[in-house]
Amino acid sequence: MSKITGNEIIHQYLRHNKKFPHVLCAGCGHGIVLGTLIRSIHSLGIPKDDVVVVAGIGCSGRLAVYVDFNTVHTTHGRALTFATGIKMANPKLNVIALMGDGDALSIGGNHLIHAARRNIGVTALVLNNNIYGMTGGQSSPATPEGSVTMTNPYGQLDRSFDTVELAKGAGANYVARGTVFHVNRLEKIMTEAIGRPGFSLVEAITPCHTQFGRKNKYKSSVDMYKWLKSTAMSVDRYNELPEEKRGDRLPIGVFVDRDRPGFEEVYYAMQADFLKPTVKGGK
Ligand SMILES: Cc1ncc(C[n+]2csc(CCOP(=O)(O)OP(=O)(O)O)c2C)c(N)n1
Ligand code: SF4
């Protein structure tokens, strides 16, 4: 399908005359992630009615409200449980669970692990801004060690989760990371993730200048985009670097790419098998 223009995005995919103005701060990366999601769905040629966007709560969760797909703005940490139910009820739907790092890794962490383990055919989109944005800047499990937050004024003592490693370890089919600075690559990853069977996870690194940046070393949102530009590098190049040279570099790209059938497929195949008439007249 042909590339879509900004104007077409507004008129075809956004609830522009109902839900705007939006709540996001100027410079927030969340809108860029939403743009890549819309363009990916458009390029895959998926009809809007076949898409369900399920979101938790947070600035990231708010994104579901703005798009003209089937949408559910659910409870904090439960996007994947709703998404699982929707996918099982109608496996033909493309179900996308949209979550912040607090939503996905903290309150919803267990759901993430088990959705990946179960390999349910949902695309999980984790918008990682290293902080709880909407509620005023508390630390999340993705807050880097040593950084300053509203709840850790002297520095975060816990080590942060690596979302990619977590999803890999739990058994996801497809795991990738991108950033809102590297928009084209993020869009490519997102398109692949939506097209894959089973559970796929995309981590999008997206700056929150308001709650994270200003308490740390970033004076403006532009500084945060420069940080993404200088820190991220392709996972292939990263893997070639000796360990001592990796420092704070952030590997981006595709980390896992399998195509095991999704849970819903296996489940319905088992059900069909069970219901098959036997020689003696069926069960
Ligand atoms: C069960 C429950 N606990 C806590 C909250 C309060 N709450 C709303 S949004 C949020 C944090 C959002 O952070 P994150 O998921 O990282 O998303 P962001 O706002 O940074 O995009 C919290 C704790 C809630 N709404 N529901
Ligand atoms: S608080 Fe942070 S995450 Fe929320 S809209 Fe503002 S910049 Fe974005």
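The values are calculated or read from the model by the stated rules, or taken from the named source; none is laboratory data. Keep in mind the model is a prediction, meaning the values are calculated, not measured. Cβ atoms come from the backbone with ideal geometry, glycine included; neighbour counts cover every protein chain shown. Side chains included, ligands, DNA and RNA excluded: accessible areas come from the protein's heavy atoms. Shrake-Rupley method; radii C 1.70, N 1.55, O 1.52, S 1.80 Å.
Determine, yes or no, whether Leu93 is away from ligand 2 (no atom under 16 Å from the Cβ) and either surrounded by fewer than 14 Cβ atoms within 10 Å (Cβ to Cβ) or closer than 21 Å to Ile113 by Cα (or both). In short, no. Leu105 passes every criterion in (1) at pLDDT below 95; (2) touching a strand residue (DSSP E or B) at 6+ places or on another chain (Cβ under 9 Å); (3) of a type outside the set (Ser, Thr, Tyr) apart from (1). Filtering segment 56-72 to residues that are more than 10 Å from ligand 1 (Cβ to nearest atom) and under 20 Å from Gly29 (Cβ atoms) leaves Ala64, Val65, Tyr66, Val67.
If the condition is being over 30 Å from Ser160 (Cα atoms), loosely packed, with under 10 Cβ neighbours inside 10 Å and among the charged types (D, E, K, R), then segment 247-278 contributes Asp273, Lys276. Please verify whether segment 253-270 includes one or more residues that are acidic (Asp, Glu), modelled with pLDDT of 95 or more and under 20 Å from the mean Cα position of the chain (by Cα). Yes, segment 253-270 contains at least one residue that is acidic (Asp, Glu), modelled with pLDDT of 95 or more and under 20 Å from the mean Cα position of the chain (by Cα). Look through segment 187-213, keep the residues that are of a type in the set (A, V, I, L, M, F, W, C) and within 16 Å of ligand 2 (Cβ to nearest atom), and return whichever of them is surrounded by the fewest Cβ atoms within 10 Å (Cβ to Cβ). Of everything passing the filter in segment 187-213, Phe212 is surrounded by the fewest Cβ atoms within 10 Å (Cβ to Cβ). Taken over segment 68-86, the criterion of being touching a Lys or Arg at 6+ places or on another chain (Cβ under 9 Å) and either among the charged types (D, E, K, R) or within 16 Å of ligand 2 (Cβ to nearest atom) (or both) is satisfied by Asp68, His73.
Gly133 - would you say it is within 9 Å of ligand 1 (Cβ to nearest atom) and open to solvent by less than 30 Å² (accessible area, probe 1.4 Å)? Answer is yes for this residue.
When segment 73-90 is filtered for residues that are touching a residue at least 24 places away in the same chain (Cβ under 8 Å), within 12 Å of ligand 1 (Cβ to nearest atom) and either open to solvent by 10 Å² or more (accessible area, probe 1.4 Å) or assigned to a loop (DSSP other than H, G, I, E, B) (or both), the ones remaining, listed by number, are His76, Gly77, Arg78.
The single residue among Ala232, Ala170 that is hydrophobic (A, V, I, L, M, F, W, C), more than 16 Å from ligand 2 (Cβ to nearest atom) and surrounded by fewer than 20 Cβ atoms within 10 Å (Cβ to Cβ) turns out to be Ala170. For segment 28-54, residues that are open to solvent by 30 Å² or more (accessible area, probe 1.4 Å) and within 16 Å of ligand 1 (Cβ to nearest atom) total 3.
Please verify whether segment 35-49 includes one or more residues that are outside any helix (DSSP H, G or I), in contact (Cβ under 8 Å) with a residue 40 or more places away in the chain, of a type outside the set (Ser, Thr, Tyr) and under 23 Å from Ile205 (Cα atoms). There is no residue in segment 35-49 that is outside any helix (DSSP H, G or I), in contact (Cβ under 8 Å) with a residue 40 or more places away in the chain, of a type outside the set (Ser, Thr, Tyr) and under 23 Å from Ile205 (Cα atoms). All of Gly136, Gly178 fail the test of being touching a residue at least 60 places away in the same chain (Cβ under 8 Å), part of a loop (DSSP other than H, G, I, E, B) and out of contact with any His (no Cβ under 9 Å at 6 or more places or on another chain), apart from Gly136.
If you check Gly58, Gly45 for being in contact with a strand residue (DSSP E or B) (Cβ under 6 Å, 6 or more places away or on another chain) and either among the hydrophobic types (A, V, I, L, M, F, W, C) or modelled with pLDDT of 95 or more (or both), only one passes: Gly58. State yes or no: is Ala232 more than 30 Å from Ala83 (Cα to Cα), among the aliphatic types (A, V, I, L, M) and at pLDDT 95 or above? The answer is yes for Ala232.
For segment 1-27, filtered to residues that are within 25 Å of Gly58 (Cβ to Cβ) and among the basic types (Lys, Arg), the residue that is most open to solvent (accessible area, probe 1.4 Å) is Lys18.
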